[in-house]
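The values are calculated or read from the model by the stated rules, or taken from the named source; none is laboratory data. Note that the structure is predicted; figures quoted are calculated from it, not measured. Glycine gets a Cβ as well: all are built from the backbone with ideal geometry, and neighbour counts include every protein chain shown. In case anyone asks, the SASA skips ligands and DNA or RNA and just uses the protein heavy atoms, side chains included. Shrake-Rupley method; radii C 1.70, N 1.55, O 1.52, S 1.80 Å.
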Amino acid sequence: MVAPAALPPLSLYIHIPWCLKKCPYCDFNSHEKRGELPEAEYVDALVADIEASLPRVWGRPIHTIFIGGGTPSLFAAGSIDRLLAAVRTRLPVDPDAEITMEANPGTFEAARFAGYRDAGVNRLSIGVQSFDDAKLAALGRVHGADEARRALEMALRAFPTVNVDLMYALPEQTPDEAIADVREAIASGAPHVSAYHLTLEPDTHFFRFPPRLPQEDAAADMQESIEALLAEAGFGHYETSAFARPGHRARHNVNYWSFGDYLGIGAGAHGKLSFRDRITREVRERKPASYLRAALEGNALAESGDVDERELPFEFMLNALRLVEGFPVALFTRRTGLPLAAVEPQLAQAEDRGLIARDIDRIRPTERGRRFLNDLLERFLPGEGEARAPRVINIVSKGTGRP
Ligand code: SF4
């Protein structure tokens, strides 16, 4: 039985599951808005969910909160205010907690930014994706480039930290077009940029009807140029897709990547909680209507269970090896309760292949390891080394704040 040496920092993730329209590439738990949203009822359900979860996180301070979705900015500032007030009265939220919210860059949402800030949100993550109208149309986005520019300007006035979400390797995109998007994000003055490679996920419209995407080589060139441009502009590259000016890293995401704990509330939200003798994972009811009913009845959990000790090395590495600087050697044992010797053969093999570098203090992925991350990670799958069969690893939680 595992026994983490000490409980890790705890974050809170809150999922708002509706969007104006489902984007053709999206595999998140998001549902097209039909008619009025049950906004007040959903906040009541979230509060009931927190109350039912209290015994599992009793007394533990909350370091960061992330309100993601879906499109949380479909909710009025008053609802976010009521939600955050309810969180604060039930959980010990750190006075300097990072409180992030995701927003769509539409005009309608931008008008609400000041209200979200007054509610206590101190970091806004805007889903710009591209500053090119043709690319936004190809992605099925409901906003245009000018709306995104205006929303970004308003966000930068209202919040101390703003993240611009961009995607590259878009349908028929050229490297110059991808570079133009990044240049504009840098010029906007936003201190954090996330740049995600568009991927075709199962169960999406794009998976069924694939658009013409750039070749792998062109996409790799885009990635290299994006990393170089952001480095030149003073952004530190700290995770596969995340770049920040000093002092603006996403603490919430860094907690995931450091195999920290998170309570996830809301439809379909996932959570990971450590105890003195075990680590558990839990998942809420996925459909908004089922979640509402279940949470208001006092049990929103659809699944929960202990993580098998054999899965822990892979779970830890899946997160920690996304960090460009890797992780302190001692963190592995602190988070998993396992000795580092449990993964020594895999580490030695990865080092031999040039996928990781290590010294007495840290283990980090090399550039080659970051490029072939799946190859690196699959070494830590339970049973690997006994019988190696090719496995496909879906690197989920693409750094969006959603567990
Ligand atoms: S990509 Fe974002 S806006 Fe589009 S459907 Fe998914 S969650 Fe909603």
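For the reader, a short list of remarks on this structure follows.
- Verdict on Ala48 being of a type in the set (Gly, Ala, Ser), open to solvent by 60 Å² or more (accessible area, probe 1.4 Å), outside any strand (DSSP E or B) and touching a residue at least 60 places away in the same chain (Cβ under 8 Å): no
- Of the residues examined, Leu136 is one that is within 16 Å of the ligand (Cβ to nearest atom) and either in contact with a strand residue (DSSP E or B) (Cβ under 7 Å, 6 or more places away or on another chain) or at pLDDT below 95 (or both).
- Output for segment 115-133, where each listed residue is in a loop (DSSP other than H, G, I, E, B) and either among the polar types (S, T, N, Q) or within 14 Å of the ligand (Cβ to nearest atom) (or both): Asn122, Ser130
- Of the set (1) surrounded by 14 or more Cβ atoms within 10 Å (Cβ to Cβ); (2) over 24 Å from Val283 (Cα atoms); (3) away from the ligand (no atom under 16 Å from the Cβ), all apply to His63 but (2).
- Residues of segment 89-102 satisfying the condition of being within 16 Å of the ligand (Cβ to nearest atom), open to solvent by less than 10 Å² (accessible area, probe 1.4 Å) and not β-branched (Val, Ile, Thr): Met101
- No other residue among Glu36, Glu41 is part of a helix (DSSP H, G or I) and either away from the ligand (no atom under 16 Å from the Cβ) or over 24 Å from Phe316 (Cα atoms) (or both) apart from Glu41.
- Residue among Ser73, Ser53 that is surrounded by 15 or more Cβ atoms within 10 Å (Cβ to Cβ), of a type in the set (Gly, Ala, Ser) and either within 16 Å of the ligand (Cβ to nearest atom) or over 26 Å from Arg293 (Cβ atoms) (or both): Ser73
- Applying a threshold of 9 Å to beta carbon distances and a minimum spacing of six or more residues, or different chains, the list of pairs starting in segment 245-258 at a residue that is at positive phi and ending at one that is open to solvent by less than 70 Å² (accessible area, probe 1.4 Å) reads Gly247/Thr161; Gly247/Pro191.
- Residue within segment 9-25 that is open to solvent by 10 Å² or more (accessible area, probe 1.4 Å), away from the ligand (no atom under 16 Å from the Cβ) and at pLDDT 95 or above present: yes
- Taking segment 301-380 and the helices (runs of 4 or more DSSP H) fully enclosed by it, the elements with 1 or more residues that are open to solvent by less than 30 Å² (accessible area, probe 1.4 Å) and of a type in the set (S, T, N, Q) are at 312-320, 329-336.
- The residues of segment 103-114 that are open to solvent by less than 20 Å² (accessible area, probe 1.4 Å) and more than 16 Å from the ligand (Cβ to nearest atom) amount to a single one, Phe113.
- Residue pairs meeting the criteria (Cβ under 7 Å; at least 6 apart or on separate chains; first closer than 19 Å to Phe131 by Cα, in segment 183-211; second of a type in the set (Val, Ile, Thr) and open to solvent by 50 Å² or more (accessible area, probe 1.4 Å)): none
- Residues of segment 220-237 that are at negative phi and either open to solvent by 90 Å² or more (accessible area, probe 1.4 Å) or assigned to a loop (DSSP other than H, G, I, E, B) (or both): Glu224, Glu232, Ala233, Phe235.
- Within segment 21-33, residues that are assigned to a loop (DSSP other than H, G, I, E, B) reach partners that are of a type in the set (A, V, I, L, M, F, W, C) and near the ligand (Cβ under 7 Å from one of its atoms) with beta carbons closer than 6 Å, at six or more positions or on different chains, in the pairs Ser30/Cys19.
- Scanning segment 190-219 for residues that are in contact with a helix residue (DSSP H, G or I) (Cβ under 8 Å, 6 or more places away or on another chain) and either open to solvent by 60 Å² or more (accessible area, probe 1.4 Å) or farther than 12 Å from Tyr25 by Cα (or both) turns up Ala190, Val193, Ala195, His197, Leu213, Pro214, Ala218.
- In the set Asp27, Asp49, only one residue is among the acidic types (Asp, Glu) and under 24 Å from Ile99 (Cβ atoms); that residue is Asp49.
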